[in-house]
1. Looking at residue B:113, is it more than 14 Å from residue B:3 (Cα to Cα), assigned to a strand (DSSP E or B), modelled with pLDDT of 90 or more and open to solvent by 70 Å² or more (accessible area, probe 1.4 Å)?
2. Working only within the stretch B:32-50, note down all residues that are touching a residue at least 60 places away in the same chain (Cβ under 8 Å) and of a type in the set (Ser, Thr, Tyr).
3. Which strands (runs of 3 or more DSSP E) does chain A wholly contain that include 3 or more residues that are more than 14 Å from every other protein chain (Cβ to nearest Cβ) and buried (at least 16 other Cβ atoms within 10 Å of the Cβ)?
4. Starting from residues that are within 12 Å of residue B:39 (Cβ to Cβ) and open to solvent by less than 40 Å² (accessible area, probe 1.4 Å), keep the ones in the stretch B:81-98 and report whichever is nearest to the other protein chains (Cβ to nearest Cβ).
5. When only residues in the stretch B:74-99 that are within 14 Å of the chain's Cα centre (by Cα) and part of a loop (DSSP other than H, G, I, E, B) count, which is modelled with the highest pLDDT?
6. Please go through (1) closer than 28 Å to residue A:4 by Cα; (2) away from chain A (no Cβ under 14 Å); (3) open to solvent by 40 Å² or more (accessible area, probe 1.4 Å); (4) aliphatic (A, V, I, L, M) for residue B:15 and return the number of the only condition it doesn't satisfy.
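The values are calculated or read from the model by the stated rules, or taken from the named source; none is laboratory data. It should be emphasised that the depicted structure is a prediction, and the values quoted were computed from it without experimental measurement. Using ideal geometry, Cβ is built from the backbone for each residue, glycine included, and neighbour counts are taken over all protein chains shown. Surface areas here come from the heavy atoms of the whole protein model, side chains and all, with no ligands, DNA or RNA. Shrake-Rupley method; radii C 1.70, N 1.55, O 1.52, S 1.80 Å.
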Amino acid sequence: TQLLEQSPQFLSIQEGENLTVYCNSSSVFSSLQWYRQEPGEGPVLLVTVVTGGEVKKLKRLTFQFGDARKDSSLHITAAQPGDTGLYLCAGRNSGGSNYKLTFGKGTLLTVNP
Amino acid sequence: EPEVTQTPSHQVTQMGQEVILRCVPISNHLYFYWYRQILGQKVEFLVSFYNNEISEKSEIFDDQFSVERPDGSNFTLKIRSTKLEDSAMYFCASSEAGGTTAYNEQFFGPGTRLTVL
């Protein structure tokens with residue numbers, strides 16, 4: 001069973017602060033996706049990373065895929081209350097399923113004004 | 001922007017009853033999926049569907065579950081005889097690519113909250 005461990009589980013910060021959340025596994029992933037989920041809604045895709053060492057930027061969000069494709073991080077600069085939500089990483093296992101996404105439990109981020 | 005839609009948003013049913021959850025995937029997508037999320041737990045894969053057949057299913061997807069693409073736009077999940085533990089959010093997703101394509105980006109619908117009493 002491939003597991004994705006996300007840390008921290010909960011994070012509460014003040015507006016303007018920077019933060020990093022992590023997604024780690026002992027398995028290699030062919031690709032990894034980050035989603036954001038609001039309460040009672042579906043996950044919304046933020047980014048996909050595919051190549052080991054890849055860095056992608058989406059405005060104030062920076063995503064990095066580890067060189068070995070076993071881990072990823074999401075860094076938010078100058079967090080805003082609108083960034084509040086559950087951040088999920090999900091991966092497709094290299095050499096395994098071509099279809100199934102394995103999800104982590106998520107990091108619940110609260111940005112206080 | 002194209003999006004996955006799901007109906008109903010909330011379904012309440014009695015234990016033992018059949019339910020059908022409906023999804024309209026993004027129109028040019030060829031791969032379709034169902035996931036579920038029990039309250040407070042991870043999103044879990046149920047099944048993937050391509051070219052009118054199941055391409056993969058999890059151990060959760062037992063004989064009580066079935067999927068169908070009854071026409072060119074809808075994709076349905078049927079639970080034949082619901083149990084209390086089937087209560088969860090059910091998400092439909094679709095992707096343009098699948099298989100070994102790395103950019104198998106799956107786009108999720110808003111979900112159907114199923115409550116089994």
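1. yes
2. Matches in the stretch B:32-50: B:33, B:35.
3. In chain A, A:19-24, A:61-65, A:71-76 are the strands (runs of 3 or more DSSP E) which contain 3 or more residues that are more than 14 Å from every other protein chain (Cβ to nearest Cβ) and buried (at least 16 other Cβ atoms within 10 Å of the Cβ).
4. B:89
5. Going through the qualifying residues, I end up with B:87.
6. (1)
One line per residue, one yes/no per condition, for (1) within 14 Å of chain A (Cβ to nearest Cβ); (2) open to solvent by less than 50 Å² (accessible area, probe 1.4 Å); (3) of a type in the set (D, E, K, R):
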site	(1), (2), (3)
B:10	yes, no, no
B:42	yes, no, yes
B:50	yes, no, no
B:54	yes, no, no
B:67	yes, yes, no
B:70	no, no, no
B:73	no, no, no
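Okay, residues lined up against (1) in a strand (DSSP E or B); (2) out of contact with any Cys (no Cβ under 8 Å at 6 or more places or on another chain):
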{"residue": "B:2", "(1), (2)": "no, yes"}
{"residue": "B:17", "(1), (2)": "no, yes"}
{"residue": "B:23", "(1), (2)": "yes, no"}
{"residue": "B:26", "(1), (2)": "no, yes"}
{"residue": "B:41", "(1), (2)": "no, yes"}
{"residue": "B:44", "(1), (2)": "yes, yes"}
{"residue": "B:48", "(1), (2)": "yes, yes"}
{"residue": "B:59", "(1), (2)": "no, yes"}
{"residue": "B:70", "(1), (2)": "no, yes"}
